[in-house]
Amino acid sequence: MQLSGWGRYPRVDGQLDAPRDAKALAALIGTAPLIARGMGRAYGDSAVGKTTVSMRHFNRMIAFDGENGQLVAEAGVTLGEIVDSFLPRGWFLSVTPGTQFVSLGGAIAADVHGKNHHSEGSFGRYVDWIDLIGAEGQITRCSRTDNADLFHWTLGGMGLTGIVLRAAIRLKRVESGWIRQTTIPARNLDEALDAFEDTYSATYSMAWIDCLATGDTMGRSIVMNGEHAGRADLPSDRRAHPFDMPRHGRRRVPFDFPGFVLNPLSVRLFNAAYYQKGLRTPSTGLVGWGPFFYPLDAIRDWNRIYGRKGFMQFQAVLPMESHAEGLRAVLAAIARTRAGSFLAVLKRFGAQDSRLSFPMEGYTLALDFPVNRRSLALMPELDRITADHGGRFYLAKDSRMSAETLRRTDPRWAAFAQFRHESGLASRFASAQSERLGV
Amino acid sequence: MSASILILGARSDIARACAHRYAREGHAVQLAARDPETLEDDATDLRLRYGVGVTVHGFDVLETDGFAAFLDGLPVLPEVALCAIGVMGDQHESQVDPAAATVVLRSNFEGPALVLGLLAERFKARGRGTIIGISSVAGDRGRASNYVYGAAKAGFSAFLSGLRNRFAGTGVAVITVKPGFVATRMTEDLDLNPRLTATPDAVADAIWTAQTKRRDVIYVKKIWALIMFIIRALPERIFKKTRL
């Protein structure tokens, strides 16, 4: 059958297995190179291979410690299920990406980050241990103290060190399900970067950026900061039930949009309208956890907006010092080709001390592009600009980078490939992405 | 005291989805199946997610002599009893091997009907309760491809219909569920039309809705009601020549 990631590009022919227990899962090891798949929310071919193992039947929660917030769960449990179960009891995810429809195993494999990366690090920081199915089908528990080497290669290792079977993570205490949001309009890139630096102490921050604005308004943005609201921050009628949320309507994209819907004009209009809406939004206010962390989750199957051919995401991080120049060069290249993106996100990263994870201190920019000739021609240019400015790429979003680009921008993967080879993992675990990138 | 649900055949995908659905609504859950120790992981998961009480119980649908003792052993007589036991069997085997056919007939009809019948008596004594039987569209008309299974489900549907008739106007409700195709372990290797196939979660949602809206007989996907209406309406001299 044909499998793809969230971007629906590329589509790869292969076999999909869905074992129901650890024994059946272990029995698959060695039959062919495998890659585990959770919710299929990696954009490209990270969780797609000749033989792909769906972890959907491994979806049980195993233990929770109400003192220290440690949750033990199987890899197929989604972050959204964790929020549903534990937010009403006053616990939230320490780190969450922009969708709740990702699995625990996927969050570990990609070492995902959220709006609090600069203040609280990536997902891996809150992982206590991982039970991993290895090259011989054995289960190995790894942590910072036991099998530490394996643990550190697994965070951000894209599922290529084995299959995450279960893991222990730490949740954090919150007093409510609400976020105190502050919105700062920025008329250009410099103002946006200044806003990030001025509000560095905010727990959460990110910006939506208009990637089609040019000249004086290039990089105009709406910067959004947030803090978990305490009970005292809530209006009096909400204090008794601080975790209850008003129901949000759910919409769904009912069919694949034809390719012409997304054109330079419609994208430009959307971006301009979004910016104007940002200007009108009150500068501070309370926002529910859903709209704040997962605005796109309210629109099911939003990937269909990009039509049948699918879409790609470009996400890179540029280190401090070269970031402003690099971002300007990227935005100029996009505006020049008019290959605009509906959703472009800019975010400040803090320092990252893990071995393989994507983030580093600097700025990350994420942009979606429909799959077409114009975008496919633009992407290598964006790769080159990123490489020239000392940046690197997020493999959970990648669907088309060359092995050469990865080698040039991120030498850590060569060491990872060597570790895989020496540990007998390379012949057991492989994705379409790992084969393309030679890791 | 919170409401509770007894789920017979708790290891099936539909049963598991129903356990989550009712636990989310605050029901305590009694999970019953053969080899109850294999239910412990699910029980822990339900307790953690929903903060409800969960107990596990050994139950063998072929051991009819043990039914009364099984019911006596439950911590509390539940508000809702759901039977999700189903054994498809192999039609060809059932045709030639009476022992194989007997297992299919007893597992889909005799056992489920008798245990729900006993529960109905206890619900009647208490004055209230809901019985939910998962039957099948296969019981709506016998077809060459699966008539042993279909006959058992037809018997089960008739039994539920009779119970419902007997208890109409009392506090005891009886719901017959005909799921149509469902993507479960039972159908994993079949190539099912996605438009006709429900997820276990959709079945659980439909059952919850049927209970809250006091429905009698439900098809999970609406299109199945139409399909089965047509299939039932076909004159026998035409139907007998079809290969459905």
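Of note:
- Restricting attention to the range A:1-19, the residues that are away from chain B (no Cβ under 14 Å) and in a loop (DSSP other than H, G, I, E, B) total 9.
- Yes/no for A:Met312 being touching a residue at least 60 places away in the same chain (Cβ under 8 Å) and in a loop (DSSP other than H, G, I, E, B): no
- Across the range B:54-94, the number of residues qualifying as β-branched (Val, Ile, Thr), farther than 20 Å from B:Ser135 by Cβ and surrounded by 15 or more Cβ atoms within 10 Å (Cβ to Cβ) comes to 3.
- Top-ranked residue of the range A:69-80 - restricted to ones that are within 12 Å of chain B (Cβ to nearest Cβ) and in a loop (DSSP other than H, G, I, E, B), ranked as farthest from A:Tyr204 (Cα to Cα): A:Gly76
- Pair list, Cβ under 9 Å, 6 or more apart: the range A:36-64 residue over 17 Å from A:Gln15 (Cβ atoms), other residue assigned to a strand (DSSP E or B) and among the acidic types (Asp, Glu): A:Tyr43/A:Asp368; A:Phe58/A:Glu74; A:Asn59/A:Glu74; A:Arg60/A:Glu74; A:Met61/A:Glu74; A:Ile62/A:Glu74
- Test result for B:Ala154, modelled with pLDDT of 95 or more and open to solvent by 20 Å² or more (accessible area, probe 1.4 Å): yes
- Enumeration of residues in the range B:1-53 that are open to solvent by less than 10 Å² (accessible area, probe 1.4 Å), within 22 Å of B:Arg128 (Cα to Cα) and within 14 Å of chain A (Cβ to nearest Cβ): B:Ala19, B:Ala23, B:Leu31
- Within the range B:188-208, no residue satisfies the criterion of being within 14 Å of another protein chain (Cβ to nearest Cβ) and open to solvent by less than 20 Å² (accessible area, probe 1.4 Å).
- Note on the range A:364-423: enclosed helices (runs of 4 or more DSSP H) holding 3 or more residues that are open to solvent by less than 50 Å² (accessible area, probe 1.4 Å) and of a type in the set (A, V, I, L, M) are A:373-388.
- Residue check, A:Arg141 more than 22 Å from the chain's Cα centre (by Cα), within 14 Å of chain B (Cβ to nearest Cβ), farther than 25 Å from A:Tyr394 by Cβ and surrounded by fewer than 20 Cβ atoms within 10 Å (Cβ to Cβ): no
- Those strands (runs of 3 or more DSSP E) of the range A:169-254 in which at least 1 residues are charged (D, E, K, R) and open to solvent by 40 Å² or more (accessible area, probe 1.4 Å), considering only elements entirely within it, cover A:178-186, A:221-228.
- If the condition is being open to solvent by less than 30 Å² (accessible area, probe 1.4 Å) and within 14 Å of another protein chain (Cβ to nearest Cβ), then the range A:44-68 contributes A:Ser54, A:His57, A:Phe58, A:Met61.
- Any hit, the range A:20-43, residues being within 12 Å of chain B (Cβ to nearest Cβ), closer than 20 Å to A:Ser431 by Cα, within 25 Å of the chain's Cα centre (by Cα) and not in a helix (DSSP H, G or I): no
- Where A:Arg355 falls short, out of the listed (1) under 13 Å from the mean Cα position of the chain (by Cα); (2) among the basic types (Lys, Arg); (3) in a loop (DSSP other than H, G, I, E, B): (1)
- Given (1) out of contact with any strand residue (DSSP E or B) (no Cβ under 9 Å at 6 or more places or on another chain); (2) under 20 Å from B:Arg214 (Cα atoms); (3) among the basic types (Lys, Arg), index of the condition B:Arg143 fails: (2)
- Residues being buried (at least 17 other Cβ atoms within 10 Å of the Cβ), under 23 Å from the mean Cα position of the chain (by Cα), farther than 24 Å from A:Ala22 by Cβ and within 13 Å of chain B (Cβ to nearest Cβ) - total across the range A:81-101: 4
- Here is the figure for the range B:126-140: residues that are within 18 Å of the chain's Cα centre (by Cα) and farther than 24 Å from B:Asp205 by Cβ total 0.
- The criterion of being over 27 Å from B:Phe239 (Cβ atoms), open to solvent by 20 Å² or more (accessible area, probe 1.4 Å) and in contact with a helix residue (DSSP H, G or I) (Cβ under 8 Å, 6 or more places away or on another chain) holds for B:Ala173.
The values are calculated or read from the model by the stated rules, or taken from the named source; none is laboratory data. The model shown is predicted, which means the values in this text are computed figures rather than measured ones. Every residue, glycine among them, receives a Cβ derived from its backbone with ideal geometry; neighbour counts consider all protein chains shown. Note: accessible area is taken over every heavy atom of the protein model, side chains too, but ligands, DNA and RNA are not part of it. Shrake-Rupley method; radii C 1.70, N 1.55, O 1.52, S 1.80 Å.
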